[in-house]
Amino acid sequence: MCAPSEKHIVYNVTNGEIIMKRIIKIVLTGGPCGGKSRAIRFVEAELKKRGTEVLTAPETASELFAQGKSPQKNGSYQFHRELFSIQLSREKELEQKAASLPGSKTVILLDRGLLDSMAYTDHADFERYCAEFSQSEEKLRNSYDAVFHLVTAAKGAEEFYNADGAIRTEAPDLARRLDSKLLSVWAGTPHLRVIDNSTDFDGKLKRLFNEVMGVVGDPEPIEIERKFLIEMPELSALEGMEACRRVTIEQAYFLTKTEGKFRIRKRGSGEQAVYIKTVKKKLNEMSRIEIEEEIPREEYDSLISERNGMFGIIAKDRYCFVSGSQYFELDVFPFWTDRAILELELLSEEQGFTLPDFVKPIKEVTNDKNYKNSVLSQKYRHLFERR
């Protein structure tokens, strides 16, 4: 069992004692009539029953529509720019409020995330207003602790589409297309879960809440990984999948006297790249947590070039994709032409799963340290060091 990385950590002083506080940002997304609004109310109530502080944010687009605004009336670019601006400010305000609250944990539940905007507007427009607010697609994709995609009722529960009395402007076919587009937008985010319509809605809520608790933790987060060494799949077919995204990753491992062991990662390429530093913090003799922070490119490049304490470096292409309702990450390394590593996360060791049809497992390597990235980074370090 591994502790998931934490993106939002603050330290508060209470009665002279320094307390580490987790701020957990969770996005609920999905096509029309997926049950997001009811799901947020349900998750909020259940978390509060367990003593967890919760802050929520409504869907910004619905608020703008209620004010009489729309892409048709105000122009697509202006409408989506305003939506993005409002939501960005709201998220920052919620983070500030969460940091000021007492306790060791606050959950922020968001009805759609900033990246949802990308599914509803022209990509060039999205990049334009994104850059205006010093954001990027890859930065947004990595700015949440978890994203839960609630599949529209128009996929698998058609008889309930519109059953909640809401006025839907989208026909079921359009709802399905939007659902697929939203899923493809979020593919590549580190923690994506798909909540489908394989049960009734009460069951859907329970499955969602179980996944939420895996992230929030009671008392600790849960992350159980399964890892397989597989035959190299046909990558062109993989890239042709709608809900699949290829992410280039470079990461290096360090051990220094001042900071101990840590990892730095470059995720993405060019101007879209995000640079992340992950440090392991010991909570007690039994527990540790990995704290992530975004760092400037200059700091990343400096650490790589100076190599002070660096004991391994590696690069890979990561294919993040959804098959059925399961999210997979497939790592392709330049030193292998015949094999790759496939990973998935589960909530329990007993949880069932189905590997995609195109996957041909060689063996499971979940507990084989020889296939850990940190070990591979030492074995093949000579291939990646900048000279």
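The values are calculated or read from the model by the stated rules, or taken from the named source; none is laboratory data. Since the structure is predicted, the reported quantities are computational estimates derived from the model, not experimental observations. When we count neighbours, we look across all protein chains shown, and the Cβ atoms used for this are built from the backbone with ideal geometry, even at glycine. SASA here: full protein model, heavy atoms, side chains in, ligands and nucleic acids out. Shrake-Rupley method; radii C 1.70, N 1.55, O 1.52, S 1.80 Å.
Quick notes
- Among (1) surrounded by fewer than 16 Cβ atoms within 10 Å (Cβ to Cβ); (2) closer than 23 Å to GLY188 by Cβ; (3) touching a residue at least 60 places away in the same chain (Cβ under 8 Å), the one test that ALA340 misses: (1)
- In segment 57-100, residue nearest to GLY34 (Cα to Cα) [restricted to those that are surrounded by fewer than 18 Cβ atoms within 10 Å (Cβ to Cβ) and of a type in the set (Phe, Trp, Tyr)]: PHE65
- Applying a threshold of 8 Å to beta carbon distances and a minimum spacing of six or more residues, or different chains, the list of pairs starting in segment 244-270 at a residue that is in a loop (DSSP other than H, G, I, E, B) and ending at one that is of a type in the set (D, E, K, R) reads GLY268/GLU138.
Okay, residues lined up against (1) within 17 Å of GLU225 (Cβ to Cβ); (2) in a strand (DSSP E or B); (3) of a type in the set (Lys, Arg):
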| site | (1), (2), (3) |
| --- | --- |
| ASP301 | no, no, no |
| PHE311 | no, yes, no |
| LYS316 | yes, yes, yes |
| TYR319 | yes, yes, no |
| TYR327 | yes, yes, no |
| ASP331 | yes, yes, no |
| PHE335 | no, no, no |
| GLU343 | yes, yes, no |
| GLU350 | yes, no, no |
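- Segment 106-128, residues that are of a type in the set (Ser, Thr, Tyr) and either in contact with a Cys (Cβ under 9 Å, 6 or more places away or on another chain) or open to solvent by 10 Å² or more (accessible area, probe 1.4 Å) (or both): SER117, TYR120, THR121
- Qualifying position, being in contact (Cβ under 8 Å) with a residue 12 or more places away in the chain, closer than 19 Å to ILE26 by Cβ and open to solvent by 40 Å² or more (accessible area, probe 1.4 Å), among GLY51, GLY103: GLY103
- Residue match in segment 148-156 (condition: touching a residue at least 40 places away in the same chain (Cβ under 8 Å), closer than 22 Å to THR121 by Cβ, buried (at least 18 other Cβ atoms within 10 Å of the Cβ) and more than 22 Å from the chain's Cα centre (by Cα)): yes
- Checked against (1) open to solvent by 10 Å² or more (accessible area, probe 1.4 Å); (2) within 30 Å of GLU350 (Cβ to Cβ); (3) charged (D, E, K, R), LYS204 passes all but a single condition, namely (1).
- Within segment 92-100, not a single residue is hydroxyl-bearing (Ser, Thr, Tyr) and touching a residue at least 12 places away in the same chain (Cβ under 8 Å).
- Residue within segment 213-230 that is under 30 Å from ASN162 (Cα atoms) and either buried (at least 20 other Cβ atoms within 10 Å of the Cβ) or out of contact with any strand residue (DSSP E or B) (no Cβ under 9 Å at 6 or more places or on another chain) (or both) present: yes
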